[in-house]
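The structure under discussion appears below in the form of structure tokens.
The values are calculated or read from the model by the stated rules, or taken from the named source; none is laboratory data. Just so you know, these numbers come straight off a predicted model, no measurement behind them. We place every Cβ from the backbone using ideal geometry, glycine too, and count neighbours over all the protein chains shown. Just the protein is used for accessible areas: all its heavy atoms, side chains included, with ligands, DNA and RNA removed. Shrake-Rupley method; radii C 1.70, N 1.55, O 1.52, S 1.80 Å.
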Amino acid sequence: EYTYKTLAKEQNQTELKTDLWFDLNHIQQSPNLSPEQDKIAMVSVDKKGNTQLNIFATADNQKAAQEFSKKQQEILADDPKDITDKAPAVFAREEKNVLQQIDQKGIMNPQWLDNDTLIFGAFSVANNELNTRHQDLFRYDTNSGKVEQLTELANLRRFSISGDKTTAYAERAQFGYSELVKVDLSSGVVTEITSKDLATVYDFPIVHQNKLAYLKTALNENWALWVKNLDDQTLSQVPMPAGYQFLSYPAWSADGQSIYYVAGVAGETNIYR
């Protein structure tokens, strides 16, 4: 019934003006542009749930286009009446790097530290009889291919890197508690910035200069979006549309004056500012 209503409403909506930028295989998630915007990092998930970290060039793939054109010319040179292939809507982007899931299982949430270095989350395995898995942060040098584990058994989920590239702000889920922490990216030291409470859950910490935005919920309450001033520790709650239910994916504007988020109202999810 919900699908039927959605399709019926879609018939009356104006078609979005969009252009295909990249036709991808498998599931792709967590796209992140490099600081110079010449590369994009994405996590690919195959049918078995294995992940890999792919880095593609953002520029049009001129080499692929030239090779396609050359092949069509060769076909016509061999037989002018032959039928050539139709060019794809967009040629595949040049793949710059690929990091396979080997020791770092479940690669997630890649973020650029600089134009050649990525920080990402993945599962590490504890050296005990149970071989339990914990989510940690890793550093990936795309030039050398070296991967360095930054934290150990820290159980960090989503994270955001500070503007000076020295600290990651993350949500930690450990021993049944959810809390916000900061991670020194040079030493890997994890420091709590909120108190633990079994009835309180945090998510989606995102930092912009001295402001940390995050989602927070308590028992039988809707998710709320809060902003913490990291200088004076003051808190403010971001207003929500009336009657909202779903809330997720906050993101700062480039100037730090606005926050975008996704909210659900009356059965529809939309982007709000």
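Figures for the structure shown
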quantity: Hey, Ala89 modelled with pLDDT under 90, surrounded by fewer than 17 Cβ atoms within 10 Å (Cβ to Cβ) and farther than 25 Å from Asp60 by Cα or not; calculated: no
quantity: Region 93-129: number of residues that are outside any strand (DSSP E or B), at pLDDT 90 or above and of a type outside the set (S, T, N, Q); calculated: 3
quantity: Residue check, Tyr244 among the aromatic types (Phe, Trp, Tyr), without any contact (Cβ under 8 Å) to a residue 40 or more places away in the chain, farther than 25 Å from Leu150 by Cα and open to solvent by less than 60 Å² (accessible area, probe 1.4 Å); calculated: yes
quantity: Residue in region 226-241 that is surrounded by the most Cβ atoms within 10 Å (Cβ to Cβ), counting only those that are under 19 Å from Val201 (Cα atoms) and either in contact with a strand residue (DSSP E or B) (Cβ under 6 Å, 6 or more places away or on another chain) or hydroxyl-bearing (Ser, Thr, Tyr) (or both); calculated: Lys228
quantity: Hey, Ala173 within 30 Å of Thr132 (Cα to Cα), assigned to a strand (DSSP E or B) and open to solvent by 30 Å² or more (accessible area, probe 1.4 Å) or not; calculated: yes
quantity: Top-ranked residue in region 187-210 [being in contact (Cβ under 8 Å) with a residue 24 or more places away in the chain and outside any strand (DSSP E or B); ranked as nearest to Ala254 (Cα to Cα)]; calculated: Gln209
quantity: Qualifying positions in region 26-54 - among the β-branched types (Val, Ile, Thr) and open to solvent by less than 40 Å² (accessible area, probe 1.4 Å); calculated: Ile40, Val43, Val45, Thr51
quantity: Given (1) small (Gly, Ala, Ser); (2) part of a strand (DSSP E or B); (3) within 27 Å of Thr132 (Cβ to Cβ); (4) open to solvent by less than 20 Å² (accessible area, probe 1.4 Å), number of the condition Ala213 does not satisfy; calculated: (3)
quantity: Boolean, Asp184 is among the charged types (D, E, K, R), open to solvent by less than 30 Å² (accessible area, probe 1.4 Å), farther than 11 Å from Pro205 by Cβ and touching a residue at least 12 places away in the same chain (Cβ under 8 Å); calculated: no
quantity: All positions within region 1-54 that are among the polar types (S, T, N, Q) and in a helix (DSSP H, G or I); calculated: Thr3, Thr6
quantity: Residue list for region 247-273, restricted to those being among the aliphatic types (A, V, I, L, M) and either surrounded by 14 or more Cβ atoms within 10 Å (Cβ to Cβ) or assigned to a strand (DSSP E or B) (or both); calculated: Leu247, Ala251, Ile259, Val262, Ala263, Val265, Ile271
quantity: Evaluation of Ala242 against (1) part of a loop (DSSP other than H, G, I, E, B); (2) over 18 Å from Tyr272 (Cα atoms); (3) not charged (D, E, K, R) (one fails), failing number; calculated: (2)
quantity: Only listed residue being on the phi > 0 side of the Ramachandran plot, in contact (Cβ under 8 Å) with a residue 60 or more places away in the chain and surrounded by 12 or more Cβ atoms within 10 Å (Cβ to Cβ), chosen from Asn155, Asn115, Asn109; calculated: Asn109
quantity: Every pair of residues 6+ apart whose Cβ atoms lie under 9 Å, when the first sits in region 56-76 and is closer than 22 Å to Thr142 by Cα and touching a residue at least 40 places away in the same chain (Cβ under 8 Å) while the second is surrounded by 12 or more Cβ atoms within 10 Å (Cβ to Cβ) and of a type in the set (A, V, I, L, M, F, W, C); calculated: Phe56/Phe22; Phe56/Ile40; Phe56/Ala41; Phe56/Met42; Phe56/Ala92
